[in-house]
Amino acid sequence: MLKAQCHCGDVKLSTPDLPSDITRCNCSICNRIGAVWAYYPANTVTIEAKALSTYEWGQKTMQFHRCNKCGCTTHYTSVEDNGYKQIAINTKMSEPDQIKSILIRDFDGADTWQYLDSKNA
Ligand SMILES: [Zn+2]
């Protein structure tokens, strides 16, 4: 089980399984947030949230969710497409002990849209 919660505890997320790897992306928003993402099908994630704000821009393919009280960005969701909706949980909202053994992969969302560890594969 992966658990994540914002700083004040008003937003909590949990999943049945730990991810096999997590992603650090350098795109314009992920770089600012400093998030490290774990991806799941949205219907496998339990969310308890008192009050969330969302942010989207450009083509509005993703919605970033943050706690209204403490401002932490806890997750983003894909805007539904082809019947599959993805959620990305910000593992920076998890206890460090819970994720310390999980591989972090760097994704070049700013430029090539590839994982940097697979560029030469
Ligand atoms: Zn909060």
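The values are calculated or read from the model by the stated rules, or taken from the named source; none is laboratory data. The structure presented is a predicted model; accordingly, all values stated were derived computationally and were not measured. Cβ sites come from the backbone with ideal geometry, for glycine too, and all protein chains shown count toward neighbours. With ligands, DNA and RNA removed, areas are computed over all heavy atoms of the protein, side chains included. Shrake-Rupley method; radii C 1.70, N 1.55, O 1.52, S 1.80 Å.
For Gly9, all conditions in the list (1) among the small types (Gly, Ala, Ser); (2) open to solvent by 20 Å² or more (accessible area, probe 1.4 Å); (3) over 11 Å from the mean Cα position of the chain (by Cα) hold save one; what is the number of the exception?
Status for Gly9: all satisfied but (2).
Could you check the range 64-121 and list, in sequence order, the residues that are part of a strand (DSSP E or B) and farther than 20 Å from Thr44 by Cα?
Selection gives Cys67, Leu103, Ile104, Arg105, Asp106, Phe107, Tyr115.
Anything in the range 48-67 that is loosely packed, with under 11 Cβ neighbours inside 10 Å and either within 11 Å of the ligand (Cβ to nearest atom) or under 19 Å from Thr91 (Cα atoms) (or both)? List them, or say none.
Scanning the range 48-67 gives a single hit, Ala51.
When the range 68-104 is examined, which residues are found to be farther than 24 Å from Asp117 by Cβ, open to solvent by less than 90 Å² (accessible area, probe 1.4 Å) and away from the ligand (no atom under 13 Å from the Cβ)?
Thr77, Val79, Gly83, Lys85
Of the residues in the range 21-64, how many are over 15 Å from Lys85 (Cα atoms) and either out of contact with any Gly (no Cβ under 8 Å at 6 or more places or on another chain) or among the small types (Gly, Ala, Ser) (or both)?
25
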